[in-house]
There are 2 protein chains.
Amino acid sequence: MRTGSTPGEILSDEVVLEAVAAEAGWMEDLLVRLVEVPTTLGNEEPGQEIMENAFGDCGLKPRSVHLNADALRNAEGASPFSWDVDGKRNVVAGWPAGGSSGRSLILNGHVDVVPPAARELWTNPPFRAVREGDWIYGRGAGDMKAGLAAMTGAVRALIGAGYAPAADVELQSVVEEECTGHGALQCLLDRARTDACVITEPHPDHLTVAQVGVLWFHVELSGVPAHAARASQLGFNAIEAAVEVLAALRRHEARLNENPPPYDTFEHPINLNPGVISGGDWPSTVAASCTLSCRIGLYPGQDPQEARAGVETAIAEAVAASPRLAENPPRVRYDGFSCEGSVVGEGEPLVQILSGAYEKLHGERPPALATTATTDARHFVRRGIPAVCFGPRGEQIHGIDERVSLRSVVESAQVLGLFIRDWCGLVPGRKEES
Amino acid sequence: MRTGSTPGEILSDEVVLEAVAAEAGWMEDLLVRLVEVPTTLGNEEPGQEIMENAFGDCGLKPRSVHLNADALRNAEGASPFSWDVDGKRNVVAGWPAGGSSGRSLILNGHVDVVPPAARELWTNPPFRAVREGDWIYGRGAGDMKAGLAAMTGAVRALIGAGYAPAADVELQSVVEEECTGHGALQCLLDRARTDACVITEPHPDHLTVAQVGVLWFHVELSGVPAHAARASQLGFNAIEAAVEVLAALRRHEARLNENPPPYDTFEHPINLNPGVISGGDWPSTVAASCTLSCRIGLYPGQDPQEARAGVETAIAEAVAASPRLAENPPRVRYDGFSCEGSVVGEGEPLVQILSGAYEKLHGERPPALATTATTDARHFVRRGIPAVCFGPRGEQIHGIDERVSLRSVVESAQVLGLFIRDWCGLVPGRKEES
């Protein structure tokens with residue numbers, strides 16, 4: 001099936017596919033360099049320097065979009081954050097329109113990665129990009145440095161072939177996707193409008209058109225410290241308090257999963273995760289304090305405030321059941337994700353044309369799926385910009401021995417190349433030096 | 001009632017009591033200076049410098065007894081330890097015998113303190129020695145810097161009165177009482193023998209003649225990290241693993257408390273304390289690892305190896321009940337206390353004569369009690385040296401707003417002064433300059 005309105009289809013499928021495939025080595029090199037900088041929260045800049053150079057190496061003119069804490073805190077869709085964002089930047093590069101007949105596009109990826117979970121469990125050090133067969137291993141290889149490499153490689157190939165888009169394209173390498181999405185949000189505060197966005201998250205063989213919201217919350221438990229020798233008479237242990245609260249939160253999670261109409265293909269769409277715990281300061285002292293940091297999903301359409309209320313009600317149930325908790329009431333702190341879900345209709349031209357580009361390479365249209373995670377897509381959707389995720393095949397995302405398929409990097413870049421041609425249109429441009 | 005065999009009772013009760021009371025200001029000053037140095041594990045030296053000067057100020061010649069890791073690891077009664085003890089020292093001061101008719105004595109106190117549990121819960125900063133009425137507040141004020149001040153003040157008063165003991169007395173300011181007891185153990189490796197030991201722990205209005213053993217154990221839990229979005233399908237959370245193991249350990253604790261013959265005055269003699277927990281590295285990542293550090297008591301007569309077996313059996317029960325725990329088996333690490341309990345007979349001359357000294361001040365004999373904690377007394381008892389605890393009135397030991405009664409410091413020093421006279425005997429000595 002041909003997708004109808006593809007302005008300026010002046011490069012054949014074969015030429016696009018070959019031009020992108022020719023960038024395989026360049027993309028692998030970029031991916032390896034990105035994986036080898038540990039761009040965890042607060043340490044993103046070495047990755048942005050690599051992306052800045054990569055954009056420049058394509059003949060684009062990268063610029064910085066600095067995070068502005070005050071602007072972010074006042075923005076619609078912002079999440080609370082306690083850490084310093086001064087000096088942090090997104091790196092964006094416009095690929096200017098060579099005509100005025102097409103549809104504009106943002107290609108977006110995040111350079112930040114989650115911590116390695118447990119270094120000692122990795123086969124190789126998590127920030128050494130080790131290649132084995134078709135796989136590159138490393139924290140962030142899949143989520144989502146491969147996506148950054150693929151989207152940049154696709155644009156590089158078309159520039160190298162001597163073409164420009166028929167409407168503006170912008171490439172965005174953003175920060176803080178893994179905690180707030182404020183990198184993408186700052187880009188939107190910086191730039192008004194585009195016709196569509198593709199985020200090259202590691203969602204292979206399907207397009208992601210719907211996602212949950214996510215709430216991070218931190219439960220601060222207080223105990224009554226005492227000598228362990230008299231723990232049962234004098235003390236109340238904050239670690240035990242955390243255990244009681246966690247049990248109540250698990251009951252809350254179970255109720256949320258009982259009735260998942262928009263997510264009925266998932267057996268367990270709403271996941272509560274007690275991700276970090278820290279409590280006490282001495283084995284022989286009853287723990288005085290404990291912090292339990294959790295993540296829970298929200299169905300699309302649910303307001304983050306409603307999710308907060310649900311968490312607080314669950315904790316109140318634990319308090320009602322425990323006189324000692326009532327004497328030492330837990331406090332809930334919100335820091336990081338506090339965001340809604342989002343849905344893009346499957347009939348959107350973006351979905352149809354990206355599916356068509358996929359079909360040209362793979363011979364079948366990809367399914368349009370929902371995810372139980374969040375992505376930066378919500379920031380675009382909230383502003384009326386259709387945004388979907390599609391990208392290379394990553395495995396063990398947030399897990400041990402995370403890896404990405406190099407073949408899938410090239411193939412997703414090829415699909416993106418066809419999609420840019422079909423969505424934006426291409427016009428002959430000045431052939432860039434490379 | 002008079003205690004029979006008191007060699008060389010040449011100072012009246014009143015003279016001893018007045019001489020010690022005259023040192024109240026000196027003892028308070030020493031206590032304040034000790035509280036204001038935060039002598040937590042690894043930071044004991046500033047406290048030892050103060051004690052070295054205090055011993056010197058009494059006319060004694062302090063010397064250092066350095067911790068020797070190899071000697072300690074090979075010593076009977078040692079506990080495992082993973083940290084560096086190089087350069088750490090006890091400070092001891094002999095008060096040489098002026099005759100040969102008496103019984104020798106060690107007065108022992110520890111300079112190390114536990115961490116403040118939760119600084120933000122304290123009314124005043126935990127290492128600022130604030131006086132309110134009769135109380136000095138601060139971490140370690142009761143446990144047991146007041147005891148160090150009292151024992152040194154008692155000796156200072158008798159020296160100042162112009163007397164020497166009829167058998168050797170040694171004052172010991174030791175380190176690491178709160179984690180291994182290796183300071184006291186090193187002193188015993190250094191010095192062969194004494195007739196008795198009094199440890200001036202904050203055990204007021206009674207003598208402590210029996211204590212439990214203590215085992216520290218650290219349970220290392222492994223999870224299967226994954227993205228929180230797919231936690232229920234892909235992940236196994238190490239924090240949840242810790243919760244399962246803790247429940248099994250609580251069942252073990254309950255069984256231990258069902259049948260407490262030697263401790264039948266206690267409703268709950270054996271206390272399990274999950275003192276420290278740390279797990280996970282990101283709210284949206286299923287926790288890959290979690291460490292739960294616990295303390296549990298042992299009845300006197302129980303071997304630490306038996307206590308380890310009990311803990312390991314309890315954890316094995318949790319594993320047997322949980323296929324996911326079985327796939328990710330917990331590991332138990334022993335670091336810190338691994339020690340037996342100890343008991344001194346109430347008929348021991350040490351107990352009788354110290355009780356008699358107490359009666360002379362307070363008009364009644366103190367009860368001889370057991371404690372559900374451990375103290376350095378066990379190291380002496382293991383070597384056949386009777387050792388009991390007696391000292392000032394501390395409150396909120398290991399808790400918030402720990403404090404000690406200044407009046408009780410003076411009174412316990414007075415009892416110690418009478419006890420030294422009655423146990424060791426006193427002979428006229430060269431009056432020291434002060």
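Per-structure values
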| item | result |
| --- | --- |
| Number of positions in the stretch B:180-209 that are among the aliphatic types (A, V, I, L, M) and open to solvent by less than 10 Å² (accessible area, probe 1.4 Å) | 6 |
| Answer residue from the stretch B:210-233, given it is farther than 22 Å from A:F266 by Cβ and among the polar types (S, T, N, Q) and is nearest to the other protein chains (Cβ to nearest Cβ) among those | B:S222 |
| Spans of strands (runs of 3 or more DSSP E) in the stretch A:345-434 with at least 1 residues surrounded by fewer than 19 Cβ atoms within 10 Å (Cβ to Cβ) and in contact (Cβ under 8 Å) with a residue 60 or more places away in the chain | A:368-371, A:426-428 |
| Unmet criterion (only one of (1) open to solvent by less than 40 Å² (accessible area, probe 1.4 Å); (2) within 10 Å of chain A (Cβ to nearest Cβ); (3) aromatic (F, W, Y)) for B:F236 | (2) |
| Residue match in the stretch B:247-256 (condition: buried (at least 21 other Cβ atoms within 10 Å of the Cβ), at the interface with chain A (Cβ under 7 Å from one of its Cβ atoms) and within 18 Å of B:G341 (Cβ to Cβ)) | no |
| Tally of residues being in a loop (DSSP other than H, G, I, E, B) and either at pLDDT below 95 or under 18 Å from B:L158 (Cβ atoms) (or both) across the stretch B:78-111 | 11 |
| Hey, A:A75 open to solvent by less than 20 Å² (accessible area, probe 1.4 Å), out of contact with any Lys or Arg (no Cβ under 9 Å at 6 or more places or on another chain) and not in a helix (DSSP H, G or I) or not | yes |
| Residue match in the stretch B:145-165 (condition: within 21 Å of the chain's Cα centre (by Cα) and in a loop (DSSP other than H, G, I, E, B)) | no |
| Positions within the stretch A:119-145 being within 12 Å of another protein chain (Cβ to nearest Cβ), within 10 Å of A:D401 (Cα to Cα) and open to solvent by less than 10 Å² (accessible area, probe 1.4 Å), in sequence order | A:P126, A:R139 |
| Within the stretch B:192-227, tally of residues that are outside any strand (DSSP E or B), over 13 Å from the mean Cα position of the chain (by Cα) and touching a residue at least 60 places away in the same chain (Cβ under 8 Å) | 10 |
| Exclusive hit being of a type in the set (D, E, K, R), under 22 Å from the mean Cα position of the chain (by Cα) and within 25 Å of A:D190 (Cα to Cα), set A:R393, A:R403, A:R382, A:R407 | A:R382 |
| Residue within the stretch B:12-30 that is open to solvent by 40 Å² or more (accessible area, probe 1.4 Å), at pLDDT 95 or above and touching a strand residue (DSSP E or B) at 6+ places or on another chain (Cβ under 9 Å) present | yes |
| Residue ID - least open to solvent (accessible area, probe 1.4 Å), chosen from residues in the stretch B:87-118 that are among the charged types (D, E, K, R) and in contact with a helix residue (DSSP H, G or I) (Cβ under 7 Å, 6 or more places away or on another chain) | B:R89 |
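Yes/no per residue for (1) away from chain A (no Cβ under 14 Å); (2) within 15 Å of the chain's Cα centre (by Cα):
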position	(1), (2)
B:S338	no, yes
B:S342	yes, yes
B:G345	yes, no
B:G356	yes, no
B:G363	yes, no
B:A387	yes, yes
B:S412	yes, no
B:R421	yes, no
B:P428	yes, no
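The values are calculated or read from the model by the stated rules, or taken from the named source; none is laboratory data. Bear in mind that the values here come from a model prediction, so they are computed numbers and not experimental data. Note that we place each Cβ from the backbone using ideal geometry, even for glycine, and neighbour counts take in every protein chain shown. SASA here: full protein model, heavy atoms, side chains in, ligands and nucleic acids out. Shrake-Rupley method; radii C 1.70, N 1.55, O 1.52, S 1.80 Å.
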